[in-house]
Structure formats: structure tokens, C-alpha cells
1. Determine which member of the set 27, 74, 64 is at pLDDT below 70, more than 24 Å from the chain's Cα centre (by Cα), aliphatic (A, V, I, L, M) and in a helix (DSSP H, G or I).
2. Restricting the search to region 213-223, which residues are surrounded by 23 or more Cβ atoms within 10 Å (Cβ to Cβ) and not β-branched (Val, Ile, Thr)?
3. Show me the helices (runs of 4 or more DSSP H) entirely contained within region 251-336 in which 2 or more residues are over 26 Å from the mean Cα position of the chain (by Cα).
4. For region 323-373, what are the residues that are surrounded by 14 or more Cβ atoms within 10 Å (Cβ to Cβ), in contact with an Asp or Glu (Cβ under 7 Å, 6 or more places away or on another chain) and modelled with pLDDT under 95?
5. Quick one: residue 238 ticks every box in (1) part of a helix (DSSP H, G or I); (2) surrounded by fewer than 16 Cβ atoms within 10 Å (Cβ to Cβ); (3) touching a Lys or Arg at 6+ places or on another chain (Cβ under 9 Å) bar one, so which box is it?
6. Just to be sure, is residue 295 over 21 Å from residue 80 (Cα atoms), of a type outside the set (D, E, K, R), out of contact with any Ser or Thr (no Cβ under 9 Å at 6 or more places or on another chain) and modelled with pLDDT under 95?
7. When only residues in region 122-139 that are touching a Ser or Thr at 6+ places or on another chain (Cβ under 7 Å) and not basic (Lys, Arg) count, which is farthest from residue 260 (Cα to Cα)?
8. Just to confirm my filter: which strands (runs of 3 or more DSSP E) fall fully inside region 123-200 and include at least 2 residues that are crowded, with 18+ Cβ neighbours inside 10 Å?
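The values are calculated or read from the model by the stated rules, or taken from the named source; none is laboratory data. Keep in mind it's a predicted model, so treat the numbers as computed, not measured. All Cβ positions, glycine included, derive from the backbone under ideal geometry; neighbour counts span all protein chains shown.
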Amino acid sequence: MDSLIERARPHWGRLLKRVLLIALGALAGGAVLLLLLSADARYIARAGVEEGRLLLRRRSIAKLIADSATPAPLRQRLTLVLAARAYAVDSLGLAVAKTYTTYVDVGRDTLLLVLSASRKDKLREVTWRYPIVGIVPYKGFFNADRARQEADRLDAQGLDVFLRPSGAFSTLGYFSDPLFSTAMSRDTMELVATVLHELAHNTLYVKSQTPFNESFASFVGYRGAEAFFRSRGDTVDARRAAARWRDERTLDVFYAELARRLDSAYTSPLSGPALEQVRSQLYGWAHDQFRGAVGQSLETYDWRWFAQAPLNNSVVIAERFYRMDLNLFDEVYLQNNADIAETIRAIQVRVYTQPGDPYQALYSRPGMKVEDD
């Protein structure tokens, strides 16, 4: 009769540790391989590290306001930001979470540089794909040298390039975004409009729809700032916010016309001197408009800046991202009795219940003028 052999019971804890170690090793190895092979992965990793360094310097805004060592001008600005944040929650219904409860002094006058690019013979932007936000037509850099290197690389490929500074950004509510010192140099109206603009991204963001997202946030920023200052009896800043919104709509119409003329010119195959001649003529026309009727109609912008600023396809595209069909948002606003909070909710409901193109979702609302055309 065969003898019985008793097998030892398996050490499940030890086996589990081995499996976890193998899995973690595989993940680490995959991450290293991804960083070695993917420029986009390296870019995201670097951006995460650089943003992490900034976030480690966060300080509570409430504590800074209470600290007698905080300079009075800074304390006043921080108090205004908290008031705007409270208004965003209580009166506008924006999603705030912990955004703008902390402050970071970045130690320089530029938070990050934003890079965009386009073909020279078409208004066709270069795009990048990222997690969560989807396809976007720009790339942000906390490191100025890396931004310029990437801009030079795209320029060497024969693309139009536009590199511009930005003093704020949004993580769409996924993280508790701090207020950066680079936003504090703006006047009180622009500071409040910036806070509301970024909080609008927390509230409504449509994946891969940059023009809609930025234009909606511009609408909330300036119309919201106007309502905020009126609620405080500050008629000066309320009027300035209303005037800035009128300027934004004026620039929307202007850049739309410039884009239409460029698109028309680019329908014919052009290259070399012929292409440069057409571009020079159209951008010359644009600068003349800023020196003339368009520039003189601006109430809050200095027309001389626009008249002297370099223009190329990428600049035109970038300017339009923040100013596309702004009158559409205003039409919804008037339909809702000029109530900014009701307008925000109406836009949210329409966009969420009519998937696809968010602009088309708004244009198809009952009673919109486009239906009567």
C-alpha cells in the first residue's frame, strides 16, 4: 500500500507578494520603455514633475489674508479672489471644489508658455492628444527653454508658430488648482474674470472641443465678472467688464472675417513667393483694420498693440479659440433674461443632452435666430 504524502499548505501571503512584485516590476518596466520610446510620454512626465514642484509651494489663501506679514496689496487681491470664488458657487452655480483656496508665488513673471502651430498654406492647426482632455491645438511648457526648442523644431518644419505666455490654467477640477502669482499683476476686473474663466472649465468641458470650451469660459468670465461687481456696487469694474465683453465680440467678428479671407485665398494652391505675397497682403489688411475702424472701436484694448503684433496662421487660429461665435452665447443669455446663472445651466443642459458638436447643440435650441434664417 502506497504511503500517504502530506503536501505543505501554500504560503498565500508570500505568493501574493511575489505576484505583486512581478506586476509592479512589469509596470515600472513598461513605464520606462514608454518614456524611452514616446516623446509625448516624456512631455507629460516632465510637465507633471514641474507642476508638482510648484504645488509643493502652495500656501492657504485664508492664512495669508490673516497673516499681518502679508503685504496689504496682496491681501486685498487674495480677499477679492475668495469673494469671486464664493460668488461663483453661490450665485453662478460653478463647480469649485478646492480650486483657488491656495496660493503659489512662482518666483517669475511667466507661469508657462503655450505653443501652437499651423500650416502656412492653410488654416490647419497642429494638434496633440492627451489623457482626459482629448485632442487640443496647443502645448504648454513650464520650462521656457524647452518651449523655444519645440517652437524652433516646428518652425524648421515650415510651420507657422505662435508662442505666448499664460498666467493660469485649469486641471478641470481633478486637482485643487492654486492661484498663481502670475495672475496677480492683472487689474481687479481681469483678475476676477480669470478666476471665473478657469472655474467655468471645472463646470463644463467638452473633450476635444477647444474653441467651444475657451469661448464658453470667456463668456462666463466677463459676463460673470460684470454681475459680480454689480452685486458689490462696484459700477466702475462692472462697466469695464461689460466693455471688455463688447471688445471680445468685436474681435470675434474681425478674426472670423480675416479667417474667411485667408480660407478663400488658400483654396488655390500657393507656394513660395506667391504664397508669401498673398499672406502679406491679407495680414497688411488686418493691421490696417486695427489702425482704422476696428481698432478705434475697441474700448478696453490698446489698438496699437494689435496694429504692431506679428500675424501668421497660428496666431489667427489661437485668437479665435477664445472668441468663436460669442454672440451665440449672448443670445442664450438674452433668452434667459440676462441671468448669467440660468444661462450657464441652460448651456450645460443643452450640451449634455445633445451630444456631438456643442455649438450645433446651442444653435438648435428652440427660438434661436438661426432657425428663422
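1. Numbers: 74 fails: at pLDDT below 70; 64 fails: at pLDDT below 70.
The match here is 27.
2. Filtering region 213-223 down to residues surrounded by 23 or more Cβ atoms within 10 Å (Cβ to Cβ) leaves 213, 215-223.
Answer for region 213-223, where residues must be surrounded by 23 or more Cβ atoms within 10 Å (Cβ to Cβ) and not β-branched (Val, Ile, Thr): 213, 215, 216, 217, 218, 219, 221, 222, 223.
3. Working: elements: 272-291, 293-297, 303-308, 313-321, 326-335.
Per the criteria, 272-291, 293-297.
4. 368
5. (2)
6. Values: over 21 Å from residue 80 (Cα atoms): yes; of a type outside the set (D, E, K, R): yes; out of contact with any Ser or Thr (no Cβ under 9 Å at 6 or more places or on another chain): yes; modelled with pLDDT under 95: no.
No.
7. If we filter region 122-139 for residues that are touching a Ser or Thr at 6+ places or on another chain (Cβ under 7 Å), which is where we start, we get 124-126, 134-138.
The next check asks that each one be not basic (Lys, Arg); those that pass are 125-126, 134-138.
Details: 125: 15, 126: 19, 134: 27, 135: 24, 136: 22, 137: 20, 138: 22 Å.
Among them, the one singled out is 134.
8. Working: elements: 128-130, 134-136, 139-141, 160-166.
So the answer is 139-141, 160-166.
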